[in-house]
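> Okay, here's the structure, questions in a sec.
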Amino acid sequence: MSLTWGDFRWGLAYWDDVYLPDMVTDRTKDDVIAQNEKGFYNATDLNRVEIAAKYIAKLLTEAGYPVSVSTKTNWSKSDFPTENEMQRFIHNIQLLQNKFYHSEVQTPASMKWISYIEANNIEQILLYIEEMRRKMVAAYRYCGTMDCGGDVL
């Protein structure tokens, strides 16, 4: 079942690129049928994913995995995304996956007629990448020069 593009339900939340927004990964068929907030893919969703992609790219670059994504973080409810913009949108997710951590979750081939499952997958991929990056950073203290051979006299 595809999400509707036409009826933009504009949320009140705004995120800038200083943190990872709360990702939405729990859309269901019932949301689509009920036409509630999660049942539509709109400017709020596009902004959230674009901001997250930009933020994760920045963190990966700082961690030694340079990646550059092209983002648009000012989608409004009056915007109607073009096919090229949506291909760029998907390409950003694929770039992040290929550069650092390729999860088993697949990115959609196209944003045309995107399903609620594919919408969940897009955001889940970003969460996986960020989770793996955090685990990598947490492991630094166990293999860094401060501990490596530190107990040998």
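The values are calculated or read from the model by the stated rules, or taken from the named source; none is laboratory data. These numbers come from a predicted model, not from an experiment. With ideal geometry, Cβ positions are generated from the backbone for all residues, glycine too; neighbour counts draw on all protein chains shown.
> Could you pull out the residue among ARG88, ARG27 that is touching a helix residue (DSSP H, G or I) at 6+ places or on another chain (Cβ under 6 Å), at pLDDT 95 or above and within 23 Å of ILE129 (Cβ to Cβ)? Please lay out each step first, then the result.
Numbers: ARG88 fails: touching a helix residue (DSSP H, G or I) at 6+ places or on another chain (Cβ under 6 Å).
On inspection, the qualifying residue turns out to be ARG27.
> Report the residue count in region 80-90 for those that are in a loop (DSSP other than H, G, I, E, B) and surrounded by 15 or more Cβ atoms within 10 Å (Cβ to Cβ).
Total meeting the criteria: 1.
> Turning to a different aspect of this structure: Consider only pairs whose beta carbons are under 9 Å apart and that are at least six residues apart or on different chains; among these, list those whose first residue lies in region 104-119 and is more than 15 Å from ALA53 (Cβ to Cβ) and part of a strand (DSSP E or B) and whose second residue is of a type in the set (S, T, N, Q) and at pLDDT below 90.
If the second residue must be of a type in the set (S, T, N, Q) and at pLDDT below 90, the pairs left are SER115/SER2.
> Of everything in region 91-119 that's surrounded by fewer than 15 Cβ atoms within 10 Å (Cβ to Cβ) and polar (S, T, N, Q), which residue is nearest to ARG134 (Cα to Cα)?
Out of the qualifying residues, it is ASN98.
> Considering only region 27-69, how many residues are more than 27 Å from LYS99 (Cβ to Cβ), of a type outside the set (Gly, Ala, Ser) and touching a residue at least 24 places away in the same chain (Cβ under 8 Å)?
10
> Let me ask something else about it. Any residue in region 48-61 that is surrounded by 13 or more Cβ atoms within 10 Å (Cβ to Cβ), in a loop (DSSP other than H, G, I, E, B), in contact with an Asp or Glu (Cβ under 8 Å, 6 or more places away or on another chain) and at pLDDT below 95?
Restricting attention to region 48-61, the residues satisfying the condition of being surrounded by 13 or more Cβ atoms within 10 Å (Cβ to Cβ) are 48-61.
Keeping just the survivors that are in a loop (DSSP other than H, G, I, E, B) gives none.
No, region 48-61 contains no residue that is surrounded by 13 or more Cβ atoms within 10 Å (Cβ to Cβ), in a loop (DSSP other than H, G, I, E, B), in contact with an Asp or Glu (Cβ under 8 Å, 6 or more places away or on another chain) and at pLDDT below 95.
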